[in-house]
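These notes concern the structure reproduced below.
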Amino acid sequence: MFGWGKSNRRQTTRGGEPSRLRPFLVWIVFLEIFAGGGYFLMQHLDRQVQASQSQVEEFDICIDAAPGWMPDSLMKQIEQSMSPAGLLFSDKALAGEVYRLAEANPWVKRVVRVEKQTRDDRGVVVVVAEFRKPLARVLGDVREMFVDEEGVVLPSHQAPRYAAWVEGSEDGRTDYYVNDADIPPGSTYSALHFVVISGASGLPPPVGCKWASADLAAGINLVKLVMGRSYASQITVVDVRNYNGRISAGESHLRMYAQVGKDRPTDIRFGRFPNPGGADYVISPDRKMLYLDSYAEDHNGRIAGFHSYLDLRYDHLHVSIN
């Protein structure tokens, strides 16, 4: 009896091993089926995503964070100039071609990056770039040109010329326009003020190229010197005809003319900039501008109309008798 009982217990133990393994094996089989099904499901979803991406062929060019001074019409024209002909959104060469066209646009100073994105089942090529801003107008022999702060010639027919204030906007927003006909009716607007640089030598380069002229560079530096000052809008002309004393050594090499409305202009005799090579005897540009700042403060903000000339070339400001 004792032996049979022992023998029976052994049989029960051996017979119980399959009963414990069976659920474990079932779980293994279930996990393998689940993993295999998940793999095939992911493959199917991936094929669906790839198929949906391949179906997106049309695309738009979008300038990211266009500068505030840029009119909408100019932004759209720049975007159109970046759109390659004959390429689809799925083409691998699209981003590189957009980059190349963006670099060739005269308004683009530097292309930062070009990205392809999908928005609402449509392709978008986003262009992040730095742009050239018109600084001054240059009077040439037959036409006027806009240049930026580096002297690069910009397309005159695309340059912003008007500023309109959006009524009711909490931030006092200003919109810019190339043509006054595009300004919404009833808007308050004014023409943008650009200083004219007169007397630059040499033939102007093609649009998008730098006008490599020392007298023009001096005129641009003078425009940048007065920008941001309260009386900057009174400066109408920077005259560089006598740059480096090429007409008369004793006369002011650089001049500015200030005018308000139809009042008589005031001749502001700037002289020249110091030589970059070292010590120079001329009055520093900062001190000359302090002369003008003090004069404007003493004349209710105006530097034009009271005297026929202001001479900044000496140890103190010289003004005409009248």
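Applying the condition of being surrounded by 15 or more Cβ atoms within 10 Å (Cβ to Cβ) and in contact with a Pro (Cβ under 7 Å, 6 or more places away or on another chain) to the range 255-281 and asking which residue is nearest to residue 198 (Cα to Cα) yields 257. When the range 56-97 is limited to residues that are over 15 Å from residue 128 (Cα atoms) and touching a Gly at 6+ places or on another chain (Cβ under 8 Å), the one that is modelled with the lowest pLDDT turns out to be 56.
hydroxyl-bearing (Ser, Thr, Tyr), touching a Gly at 6+ places or on another chain (Cβ under 9 Å) and either outside any loop (DSSP other than H, G, I, E, B) or closer than 23 Å to residue 200 by Cβ (or both), is that true of residue 233? So residue 233 fails the test. Look through the range 273-322, keep the residues that are in a helix (DSSP H, G or I) and among the hydrophobic types (A, V, I, L, M, F, W, C), and return whichever of them is nearest to the chain's Cα centre (by Cα). The extreme case among them is 289. Restricting attention to the range 117-151, the residues that are within 30 Å of residue 89 (Cβ to Cβ) and crowded, with 16+ Cβ neighbours inside 10 Å add up to 8.
Whether a residue is assigned to a loop (DSSP other than H, G, I, E, B), surrounded by 12 or more Cβ atoms within 10 Å (Cβ to Cβ) and not aromatic (Phe, Trp, Tyr) was assessed, and residue 204 passes this test.
Restricting attention to the range 175-188 and to residues that are modelled with pLDDT of 95 or more and of a type in the set (Ser, Thr, Tyr), the residue that is farthest from residue 164 (Cα to Cα) turns out to be 177.
The values are calculated or read from the model by the stated rules, or taken from the named source; none is laboratory data. Since this is a predicted model, take the numbers as computed values, not measurements. Cβ: placed from backbone, ideal geometry, glycine included. Neighbour counts: every protein chain shown.
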